[in-house]
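Since every read-out is calculated from the coordinates, none of them should be taken as a lab result. No experiment lies behind these values; they were computed from the predicted model shown. A quick note on method: Cβ atoms are made from the backbone with ideal geometry, for glycine too, and the neighbour counts reach across all protein chains shown.
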Amino acid sequence: MKILAIETSCDETAVAVLECAGNELTGARFRILGNALYSQIEKHRAFGGVFPALAKREHAKNLVPILESSLKEASLLEKQTQHISEDTWKEIALLLEREPELYDALATHGKTYDIPDIDAISVTHGPGLPPALWVGVNFAKALSILWNKPVVPVNHMEGHVLAALAKETDDRVYEIKPPTLPLLALLISGGHTELVLMRNWLSYELIGQTKDDAVGEAFDKVARMLSLPYPGGPEISKLAEAARAKARADLPFAPLPRPMLKDSSCDFSFSGLKTAVLYLLKAKPNLSDSEKESLAEEFENTVAEVLLKKTERAIETTGARMLVIGGGVAANKHIRREFEKELREKINLCIPEPALTTDNALMIGMAGYFRALKKEFTTEFKADGNLSISTS
Ligand code: KG4
Ligand code: ZN
């Protein structure tokens, strides 16, 4: 089955085409036929974070070129040129009323259109920034009308879980082996920090979540306090790694608090940690470069320790046999190292390759394929910024 996947939940415009086979019982195989991604990070940097109206505009501007480059790479353009009726164009115009630039970009082809040889379209419909999600959702629905192909809506967080399970076995080929259930997923991104349990394939139970800020958000906010550019995660990581490379004397300030560690739940809280950094910087406004590095290191150590302890607690209480870590923050070197060190011997641990941790369309294609196997085709769905992964 060939799936065309669309991802626009935040500041990445991505379209991929995957040739998919197999299932969760036999193992599934994904060959990347086309994969194009445009990151808006540079555009948002001036705002110190993702600015939703700008994200929407940029998605609308870039989706058609990104789609075309993905299809071209997959050699799926100009396969079957078909005449598109006036009525179909009217229907698409109505659907894309709020994204006129997207309609114009699609309509430049005139009355005929190249129908690519794909079987289904998958698209992220949440969670994420609603204006950004809507562009992708409406685009997928428009393509569905234009090409007469079915659509399968995908939860972005499920994409992160599946990307973590995927291993590259050959050039541009990924495999997902039959998972060992129950599987625990630690999902850590700019908008989420949650522990979810999969007892049955693709059904999720929420075990713990943040009560306030997401861990990626905490990285980004602390980075901003240190006048580092957006996104802050990789910047903090660079400073922290620099500090680790030096033989360090004692911390030049009191250790940061380890939030929620004494609490017996599997929930997280990161806003107190952020406030502790704020107070520290107020008390010591002119940190030297090496003190900034130490602060980044201490912040990362704190986050890693809390994530690890809560995950260990969740493994104990749920009896999980497999642990996957997904989401942008899973790219963090220190967090990866700590989980490897503490848990590699204790549980079947899956940490995605760094390129698959941050948002991409491959993960949406993988999730779309498994959902397509369950025949979850529909065009009756909306973008939902708060869409939960949990089914219980
Ligand atoms: O999953 P993602 O790409 O987008 C969302 O769905 O939110 O995650 C983005 C988040 C940002 O907060 C970014 O600062 C963080 O992931 N991030 C990192 C690293 N790379 C990205 N955080 C810590 N260390 C990193 N190396
Ligand atoms: Zn994400």
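Relative to the compact-globule estimate of 2.2 N^0.38 Å, the Cα radius of gyration of the range 1-99 comes out at 1.32. When only DSSP loop residues count, what trypsin sites (Lys or Arg not before Pro) in the range 106-196 have their Cβ near at most 16 other Cβ atoms within 10 Å? Passing sites in the range 106-196 are Lys111, Arg172.
When a footprinting reagent is the concern and you count Cβ atoms within 10 Å, what order do Leu281, Leu102 take, fewest first? Working shown, then result.
Working: Leu281 17, Leu102 22.
Fewest to most other Cβ atoms nearby, the residues stand as Leu281, Leu102.
Can you tell me how much longer the chain between Glu340 and Ala46 gets when fully stretched, taken as 0.36 nm per residue apart minus their C-alpha distance, in nm with one decimal?
102.3 nm
When the inverse distances between all different Cα atoms of the range 342-388 are averaged and flipped, the Kirkwood radius reads 13.8 angstrom.
Footprinting exposure proxy ranking of His59, His334, His83, fewest other C-beta atoms within 10 angstrom first, gives His83, His334, His59. In the structure shown, do any of Lys333/Lys375; Lys2/Lys61; Lys167/Lys262; Lys309/Lys375 have a Cα-Cα gap over 29 Å, and if so which? Correct reply: Lys333/Lys375; Lys167/Lys262; Lys309/Lys375. Counting every C-alpha pair in the range 115-203, the share spaced more than 15 angstrom apart comes to 69%. By DSSP, what percent of the beta bridges with both residues in the chain are antiparallel, rounded to the nearest 5? Of those bridges, close to 70 percent are antiparallel. What the phi angles of the range 335-347 give under the Karplus curve with 6.51, -1.76 and 1.60, with θ = phi - 60°, is a coupling list of 4, 4, 4, 5, 5, 4, 5, 7, 10, 3, 7, 9, 8 Hz, glycine and proline written as x.
In this label model, Lys375 and Ala283 are separated by 6.4 nm, measuring between points 7 Å along each Cα→Cβ vector. Remark: the chain projects, on average over all directions, an area of 19.5 nm² (convex hull of Cα atoms).
Between Asn148 and Ala247, the distance separating the two model label sites (each 7 Å from Cα on the Cα→Cβ line) works out to 7.4 nm. Taking a straight Cα-Cα cut-off under 14 Å and skipping sequence neighbours fewer than 8 places away in the same chain, the aspartates and glutamates within cross-link reach of Lys72 are Asp114, Asp117.
The modelled label-to-label distance between Leu94 and Lys238, using points 7 Å beyond Cα along the C-beta direction, is 5.1 nm. For the range 260-378, the mean projected area of the C-alpha convex hull, equal to one quarter of the hull surface, is 10.7 nm². Couplings for the range 221-228, taken from phi via the Karplus curve 6.51 cos²θ - 1.76 cosθ + 1.60 with θ = phi - 60°, read 6, 5, 4, 5, 4, 8, 6, 9 Hz in order; Gly and Pro are left as x.
With respect to the chain, whose longest principal axis is taken over its alpha-carbon atoms, helix 362-373 is tilted by about 60°. The amide H of Lys2, built 1.01 Å from its N in the peptide plane, has Cys20, Asp119, Ala120 as neighbours under 5 Å, considering only residues 5 or more places off or on other chains. Here, the range 252-327 yields an orientationally averaged convex hull projection of 6.1 nm² when only Cα atoms define the hull.
Exposure proxy shown here: for Leu202, Leu251, the number of other Cβ atoms within 10 Å sets the order, fewest to most, as Leu251, Leu202.
Under 10 Å from the Cβ of Phe370, count the other residues' Cβ atoms, weight Lys and Arg +1, Asp and Glu -1, and hand me the total. Walk me through the numbers before you get to the answer.
Details: positive: Arg371, Lys374; negative: Glu24, Glu158, Glu376.
Around Phe370, the charge tally is -1.
For the range 18-51, applying the loop criterion from DSSP together with a ceiling of 15 other beta carbons within 10 Å to the chymotrypsin sites (Phe, Trp or Tyr not before Pro) yields Phe47.
Computed from phi, the 3J(HN,Hα) profile of the range 171-185 under the Karplus parametrisation 6.51, -1.76, 1.60 (θ = phi - 60°) reads 4, 6, 10, 10, 10, 10, 6, x, x, 8, 9, x, 10, 9, 10 Hz, with x in place of Gly and Pro. With contacts taken as Cα pairs under 8 Å at a separation of at least 6 residues, the chain carries a relative contact order of 23 percent.
Semi-axes of the equivalent ellipsoid of the range 155-300: what are they in whole Å, largest first, if each equals the square root of 5 times a C-alpha gyration tensor eigenvalue?
Gyration-tensor ellipsoid for the range 155-300: 33, 19, 13 Å.
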